[in-house]
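See below for the structure under consideration.
The values are calculated or read from the model by the stated rules, or taken from the named source; none is laboratory data. Since we're looking at a predicted model, the values are computed, not measured. A quick note on method: Cβ atoms are made from the backbone with ideal geometry, for glycine too, and the neighbour counts reach across all protein chains shown. Ligands, DNA and RNA are excluded from the accessible area calculation, which covers all protein heavy atoms including side chains. Shrake-Rupley method; radii C 1.70, N 1.55, O 1.52, S 1.80 Å.
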Amino acid sequence: MLIRNERPGDEDAIHSLTVVAFEPMAFSDGSEAPIIRSLRKSGDLTLSLVAEEGGAIIGHIAFSPVTIDGTHFNWFGLGPVSVQPEMQRQGIGKALILTGLEMLKERGAHGCALIGNPEIYSRVGFESDGRLSYGNLDSSYVQRLVLAGPAPQGELKFAPAFEAEGHAG
Ligand SMILES: CC(C)(COP(=O)(O)OP(=O)(O)OC[C@H]1O[C@@H](n2cnc3c(N)ncnc32)[C@H](O)[C@@H]1OP(=O)(O)O)[C@@H](O)C(=O)NCCC(=O)NCCS
């Protein structure tokens, strides 16, 4: 398996993969694939990595800028992240997340935040200390990973694409 940056021509495969990965998820409103297109269009797709095997895209992860109480702090949001359904639970998601975090760190990012299942993201170093909030959401779903500097406190806000297309989790 190869993990690489998205390149022109990958857009439709990333879209289809995201649709099929999120389709069975009860929490999904189907906004994830349009969010990726919208992030790309608005220039907020900071990092977009694909996992490729035998020429096929089997995994994808997006990172985009976030603010905390209105300030960017050089923090980024993780997601959407998708792995081809029949290839899940084989370490592909973890490899995409860890590669993405490493690349963000190399670019000088100070941290990464997300809304998601703590069971999955605690396995790759994310934690919830209750200092980040996202509306009224239970703070255990609001998770962060510090790459450099202090852990900011406040209300997490994702890029406008998330507001326009749907939710962030
Ligand atoms: C979430 C997703 C990207 C994870 O990718 P994956 O390749 O299946 O995950 P991995 O095999 O790399 O697992 C990473 C870790 O999370 C754990 N994990 C993965 N899926 C899990 C689940 N559904 N529940 C609990 N733990 C889970 C694994 O046990 C593993 O931990 P370990 O390294 O200690 O063994 C993938 O399952 C997916 O595409 N799901 C549908 C879309 C989705 O829900 N995206 C995330 C929204 S928050």
ask   = Between Lys94, Lys105, Lys41, which gets the highest mean-square fluctuation from a Gaussian network model of the chain, Cα cutoff 10 Å?
value = Lys41
Percentage relative contact order, the range 2-165, counting C-alpha pairs under 8 Å, at least six apart = 22 percent
task = Could you sort 151-157, 9-15, 45-51 so that the peptide with the highest average Cβ count within 10 Å comes first and the rest follow in order?
result = 45-51, 151-157, 9-15
key: Rounded to 5, percent antiparallel among DSSP beta bridges of the chain   = 85 percent
request  = Under 1.5 on a/c is rounded, so check that first for the range 1-49, then, if it is not, pick prolate when a/b is larger than b/c and oblate when it is not; a ≥ b ≥ c are the square roots of the alpha carbon gyration tensor eigenvalues.
outcome  = oblate
message = Let me check I've understood the local charge: for Phe63, count other residues with C-beta under 12 angstrom from its C-beta, Lys and Arg +1, Asp and Glu -1. What total comes out?
response = -1
note = Once both label points are put 7 Å beyond Cα along the C-beta direction, the Glu163-Ser133 separation in nm becomes 1.8 nm
message = Please state the shape class of the range 119-169: rounded when a/c is under 1.5, otherwise prolate if a/b exceeds b/c and oblate if not, all from the C-alpha gyration tensor.
response = prolate
request  = Starting from the coordinates of the alpha-carbon atoms of the chain, obtain the Kirkwood hydrodynamic radius over all distinct pairs and give the value in Å to one decimal.
outcome  = 15.9 Å
ask   = Contour minus end-to-end for Thr99 and Asn74, with contour as 0.36 nm per residue of separation and end-to-end as the Cα-Cα distance?
value = 7.2 nm
message = Spelling out what I want: for every residue of the range 88-94, take phi, set θ = phi - 60°, compute 6.51 cos²θ - 1.76 cosθ + 1.60 (Karplus), and round to whole Hz; glycine and proline get x.
response = 6, 6, 10, x, 5, x, 4
ask   = Which value, in debye to the nearest 20, gives the size of the charge dipole of the chain about its Cα centre, when Lys and Arg are +1 and Asp and Glu are -1 at the Cβ?
value = 400 debye
ask   = Nearest 10 degrees, 0 to 90: what angle lies between the long axis of helix 32-42 and the longest principal axis of the chain (Cα atoms)?
value = 80 degrees
ask   = Using a probe of 1.4 angstrom, how much of the accessible area of the chain is carbon and sulfur, in percent?
value = 51 percent
query = Using the heavy atoms of the protein chains alone and a 1.4 angstrom probe, what is the accessible area of the chain per residue in square angstrom?
reply = 49 Å²
inquiry  = Taking the Cα centroid of the range 97-159 and of the range 13-53, what is the distance between the two, rounded to the nearest whole Å?
reply    = 19 Å
remark   = Per the rule of 0.36 nm per residue minus the C-alpha distance, extending Ala56 to Met1 adds in nm 18.8 nm
